[in-house]
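These notes are about the structure you will find just below.
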Amino acid sequence: MSNLNALEVGMMFWAERDTLAEIKSMGVRCGQLCMAGEVALTAEYAAKWKADLAANDFTVVTCFAAYTGEDYADIPTVQRTVGFIPPATRAERLQRTLELSDFAAALGVMSIACHVGFVPEDQADPDYIAVRDMVRRVCDYAANHGQTFALETGQEPAHVLLEFFKDVDRANLKINFDPANLILYGSGEPLPAVRVLAEHVVTVHAKDGDWPPADNKDALGTERRLGEGSVNMPAFVQTLKEVGYQGQLFIEREAMDPVERINDMRSEVPYLKGLV
Ligand code: MG
C-alpha cells in the first residue's frame, strides 16, 4: 500500500463481475475487491488473483465479503438478511469471513471488511452479544495475518457504532466509512459522523445518495451519481482532509443496470480526482 497516495482515487469492484483490465482502464491503480458468497476462495483462485494484480501493477487495499442470501431491497429485508444478524447463517458466514481473511493474506492484502448488519443498540440483546462475539473472533483471526477488520458504516448512527467499538475492544477493528449509507438508511448526517468516527476510519467509500421518503419508515433512500446526491461530496472530501485521513477514496456504484453502473464508475473518477 506504501506506493499509494493519501486520498488517491480507487475503485470498489467485484470478482467475477468486473475485470481488472476494465477497472484499470478507468484511470485507477488501487481498489477494494469484493467477493460474492458464491465465489470459491481456493488457493488456486488466490494465486490467479495475485498473478493478475502483479501483472497489472494494481493494489488491492481491502478484500470485502458479501454473503449468499443477503438482500438490500428495503430496511426490514436488510435487517433480516444482511451480515452477522441472521442466526441461521451465522456459523457459515463466520467460516466464510475467516476464509476471506486467508484469501486476502495470500494476496498480501492487509484489511478485510463486510457489512455486519443492523447491530441492536441494547447490549443485553442476544443478537447484539452474538454479533459482538463474532466480530471479536474475526478480529482475532485477522490479527494473526496482521490484518484489520473493517465494518461498513451506515446501518446505525455514529454514536452507536462508537459504543460497539468500545465493547468489542479489539485494536484491529476499524471502519470502512460510507457517507451515502448514513443517508440511505436515514442514520444521520455523514459529515459530523466522519468527524466522530475519524480515529477508527481505515478506508472510505465515495458514494452518493438521497434520504429515504419521510412517509415510509421501511424504505431505503436512493443511490445517486457522485455529486448528484445529498452527501455534498466537495464538503465530504474537505472534511476528510481536515480530520487527517490518509487512506484512499474508493468509488462504489451499485446501480442495477450493468452498463449504467460501469459508465457511472468511469465518469466519477475524473469528478472525484477534481475534488481531491
Ligand atoms: Mg459502501
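The values are calculated or read from the model by the stated rules, or taken from the named source; none is laboratory data. The model shown is predicted, which means the values in this text are computed figures rather than measured ones. Note that we place each Cβ from the backbone using ideal geometry, even for glycine, and neighbour counts take in every protein chain shown.
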Please give the number of the condition VAL138 fails out of (1) closer than 17 Å to THR62 by Cβ; (2) within 14 Å of the chain's Cα centre (by Cα); (3) surrounded by 24 or more Cβ atoms within 10 Å (Cβ to Cβ); (4) of a type outside the set (Ser, Thr, Tyr). (2)
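Taking the range 1-39 on its own, how many of its residues are small (Gly, Ala, Ser) and under 30 Å from VAL243 (Cβ atoms)? I'd like the intermediate steps shown before the answer.
We begin by selecting, within the range 1-39, every residue small (Gly, Ala, Ser); these are 2, 6, 10, 15, 21, 25, 27, 31, 36-37.
If we keep only those that are under 30 Å from VAL243 (Cβ atoms) as well, we get 2, 6, 10, 27, 31.
The total comes to 5.
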Pair list, Cβ < 9 Å and 6+ apart or interchain, from the range 131-153 residues that are within 16 Å of the ligand (Cβ to nearest atom) to residues that are modelled with pLDDT of 95 or more and of a type in the set (D, E, K, R): PHE149/ARG170; PHE149/LYS174; ALA150/LYS174; LEU151/LYS174; GLU152/ASP178; THR153/ASP178
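Please state which one of VAL243, VAL231 is within 16 Å of the ligand (Cβ to nearest atom) and hydrophobic (A, V, I, L, M, F, W, C).
Step by step, each of VAL243, VAL231 is checked, and only VAL231 is within 16 Å of the ligand (Cβ to nearest atom) and hydrophobic (A, V, I, L, M, F, W, C).
Suppose the filter is within 26 Å of LEU33 (Cα to Cα), in a loop (DSSP other than H, G, I, E, B), in contact (Cβ under 8 Å) with a residue 40 or more places away in the chain and in contact with a strand residue (DSSP E or B) (Cβ under 7 Å, 6 or more places away or on another chain); does VAL204 pass it? It would help to see each step written out before you state the result.
Values: within 26 Å of LEU33 (Cα to Cα): yes; in a loop (DSSP other than H, G, I, E, B): no; in contact (Cβ under 8 Å) with a residue 40 or more places away in the chain: yes; in contact with a strand residue (DSSP E or B) (Cβ under 7 Å, 6 or more places away or on another chain): yes.
So VAL204 fails the test.
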Consider ALA214 against the criteria (1) surrounded by fewer than 22 Cβ atoms within 10 Å (Cβ to Cβ); (2) hydrophobic (A, V, I, L, M, F, W, C); (3) closer than 17 Å to PRO157 by Cα: it satisfies all of them except one. Which criterion is unmet? (3)
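Here is a yes/no grid of residues against (1) touching a Leu at 6+ places or on another chain (Cβ under 7 Å); (2) touching a residue at least 60 places away in the same chain (Cβ under 8 Å); (3) surrounded by fewer than 20 Cβ atoms within 10 Å (Cβ to Cβ):
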site	(1), (2), (3)
MET12	no, yes, no
MET35	yes, yes, no
LYS48	no, no, yes
ALA91	no, no, yes
LEU100	yes, yes, no
VAL116	yes, no, no
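Any residue at all in the range 160-171 that is touching a residue at least 60 places away in the same chain (Cβ under 8 Å), within 15 Å of the ligand (Cβ to nearest atom) and closer than 25 Å to LEU240 by Cβ? Explain how you work it out, then say what you get.
Residues of the range 160-171 touching a residue at least 60 places away in the same chain (Cβ under 8 Å): none.
Looking for residues that are touching a residue at least 60 places away in the same chain (Cβ under 8 Å), within 15 Å of the ligand (Cβ to nearest atom) and closer than 25 Å to LEU240 by Cβ, one finds none in the range 160-171, hence no.
Can you tell me which residues in the range 205-224 are among the aliphatic types (A, V, I, L, M) and either more than 16 Å from the ligand (Cβ to nearest atom) or modelled with pLDDT under 95 (or both)? Don't jump to the end; show me each part of the working.
The initial filter retains those residues of the range 205-224 that are among the aliphatic types (A, V, I, L, M), namely 206, 214, 219-220.
If the condition is that a residue be among the aliphatic types (A, V, I, L, M) and either more than 16 Å from the ligand (Cβ to nearest atom) or modelled with pLDDT under 95 (or both), then ALA214, ALA219 are the ones that fit.
I'd like to verify a number: residues in the range 94-121 that are out of contact with any strand residue (DSSP E or B) (no Cβ under 8 Å at 6 or more places or on another chain), among the charged types (D, E, K, R) and modelled with pLDDT of 95 or more, how many?
Step one: list which residues in the range 94-121 are out of contact with any strand residue (DSSP E or B) (no Cβ under 8 Å at 6 or more places or on another chain), which gives 94-95, 98-99, 102, 105-106, 108, 117-121.
Filter once more, so that each one left must be among the charged types (D, E, K, R): 99, 102, 121.
Cutting the leftovers down to modelled with pLDDT of 95 or more gives us 99, 102.
Number satisfying all stated conditions: 2.
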Does PRO120 satisfy the condition of being in contact with a helix residue (DSSP H, G or I) (Cβ under 6 Å, 6 or more places away or on another chain), surrounded by 15 or more Cβ atoms within 10 Å (Cβ to Cβ) and either of a type in the set (Asp, Glu) or without any contact (Cβ under 8 Å) to a residue 24 or more places away in the chain (or both)? yes
With part of a loop (DSSP other than H, G, I, E, B) and among the β-branched types (Val, Ile, Thr) as the only criterion, which of VAL259, VAL231 stands out? VAL231
For ASP210, which of the numbered conditions (1) under 16 Å from LEU240 (Cα atoms); (2) touching a Lys or Arg at 6+ places or on another chain (Cβ under 8 Å) fails to hold? (1)
Note on the range 228-275: residues crowded, with 16+ Cβ neighbours inside 10 Å and farther than 15 Å from MET11 by Cα are GLY229, SER230, VAL231, ASN232, MET233, PHE236, VAL237, THR239, LEU240, TYR245, LEU275
Tell me, which residue of the range 158-201 that is in a strand (DSSP E or B) and of a type in the set (A, V, I, L, M) is surrounded by the fewest Cβ atoms within 10 Å (Cβ to Cβ)? VAL201
